[in-house]
Amino acid sequence: GTMIDINGNIYKTVLIGCQLWTAENLRSANYNNGDPILGVIDNNSWLEQSSGAWSNYNNSNLNDSLYGKLYNWYTTTDPRGLCPTGWHVPSYFEWGTLAVYLGGPNNVNAGAKMKSVGTQHWVSPNAGATNESGFSGLPGGVRISPIGSFANIGLVGYHWCTSETMNDGSWAWKLHYSS
């Protein structure tokens, strides 16, 4: 199936076990109520944010169309909603349910079943990737602390959770080129 965000972007969806997932990363520049999400280019501004923000990897629109936007954690938990009506950013438990269905969170096969195949986007070896689930995970990289720079495109795909850690941090699940 498909879903459509507030900006009219259309995304493929996939049923994995009893959960419905998008098979693409979001590209919305607005919350679901229509309010704009701040687009941030500068590294220091990214680090200073205490509210929702997005950027494109290396500030390139080409990366937006392939990998989607990079959102900070504030965006994922904002009550205005990053995802379209009826959709939400998954919790740690929901990611765990997906991983267990595909073979377990520490099982290389679970991630392999979620990654797009080949090395067109992934750095070699893209170990065991089958995309058997249809999730089509891509290595869109991340914007990292403490300097706000971009890192790991081609190596890792990071996926936010709405769950917080016990240290006032946040959880994310990742797909890695070598596992």
### Task
Tally up the carbon and sulfur contribution to the accessible surface of segment 28-179 as a whole percent, 1.4 Å probe, everything protein left in place.
52 percent
## Note on the structure
So the angle from the long Cα axis of helix 92-102 to the longest Cα principal axis of the chain, reported in degrees to the nearest 10, equals 20 degrees
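Below 8 Å between Cα atoms, with a sequence gap of 6+, how large is the relative contact order for the chain in percent? Walk me through the numbers on the way to the answer.
Numbers: 369 pairs, mean separation 33.5, N = 179.
Here the relative contact order equals 19 percent.
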### Relative contact order of segment 1-59, pairs being alpha-carbon contacts under 8 Å that are 6 or more residues apart, as %
23 percent
### Message
Ordering Glu94, Glu164, Glu48 by accessible area with a probe of 1.4 Å, largest first, what comes out?
### Response
Glu48, Glu164, Glu94
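Mean residue ellipticity at 222 nm from the helices of the chain, using -39,500 (n - 2.57) per DSSP H segment of n ≥ 4 over the full residue count, to the nearest 500 deg cm²/dmol? Before the final figure, lay out the partial values.
Working: 5 runs with 34 residues, N = 179.
After summing the helix terms and dividing by residue count, I get -4500 deg cm²/dmol.
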### Query
With every protein chain left in place, what is the accessible area of Ile41 in Å² (1.4 Å probe, nearest 10)?
120 Å²
### Query
Which value, in Å², gives the accessible area per residue of segment 106-165 when a 1.4 Å probe is used on the protein heavy atoms?
45 Å²
#### Entry: Principal axes of segment 138-179: Cα extent on each, largest first, Å
30, 24, 14
### Query
If contacts are Cα pairs under 8 angstrom and at least 6 residues apart, what is the relative contact order of segment 47-113 in percent?
20 percent
### Task
Round to the nearest 10 and report in Å² the accessible area of Ser60, as given by a 1.4 Å probe over the protein chains' heavy atoms.
30 Å²
### Query
If the chain between Ser124 and Asn7 were fully stretched, how many nm would it gain, using 0.36 nm times the residue separation less the Cα-Cα distance?
38.7 nm
#### Entry: (1) 26, 22, 16; (2) 32, 20, 12; (3) 24, 19, 17, with the label sought being that of the calculated semi-axes √(5λ) of the Cα gyration tensor in Å
(3)
### Query
Once the Cα gyration tensor of segment 25-91 is found, what semi-axes does its equivalent ellipsoid get, as square roots of 5 times the eigenvalues, in whole Å, sorted largest first?
19, 15, 10
## Note on the structure
Phi angles of segment 33-41, converted by Karplus (6.51 cos²θ - 1.76 cosθ + 1.60, θ = phi - 60°) into ³J(HN,Hα) in whole Hz with x for Gly and Pro, give 7, x, 4, x, 9, 5, x, 10, 9
### Summary
Amide H proximity to Trp171 below 5 Å, modelled H, separation 5+ or other chain, gives Cys161, Ser163, Thr165
### Query
What does the accessible area of Thr165 come to, in Å² to the nearest 10, when a probe of 1.4 Å is used?
40 Å²
## Note on the structure
Mean Cβ-within-10 Å packing, highest first, puts peptides 134-146, 25-37 in the order 134-146, 25-37
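The values are calculated or read from the model by the stated rules, or taken from the named source; none is laboratory data. These numbers come from a predicted model, not from an experiment. Every residue, glycine as well, gets a Cβ built from its backbone with ideal geometry; the counts of neighbours run over all protein chains shown. Side chains are part of the model used for accessible areas, which takes the heavy atoms of the whole protein and leaves out ligands, DNA and RNA. Shrake-Rupley method; radii C 1.70, N 1.55, O 1.52, S 1.80 Å.
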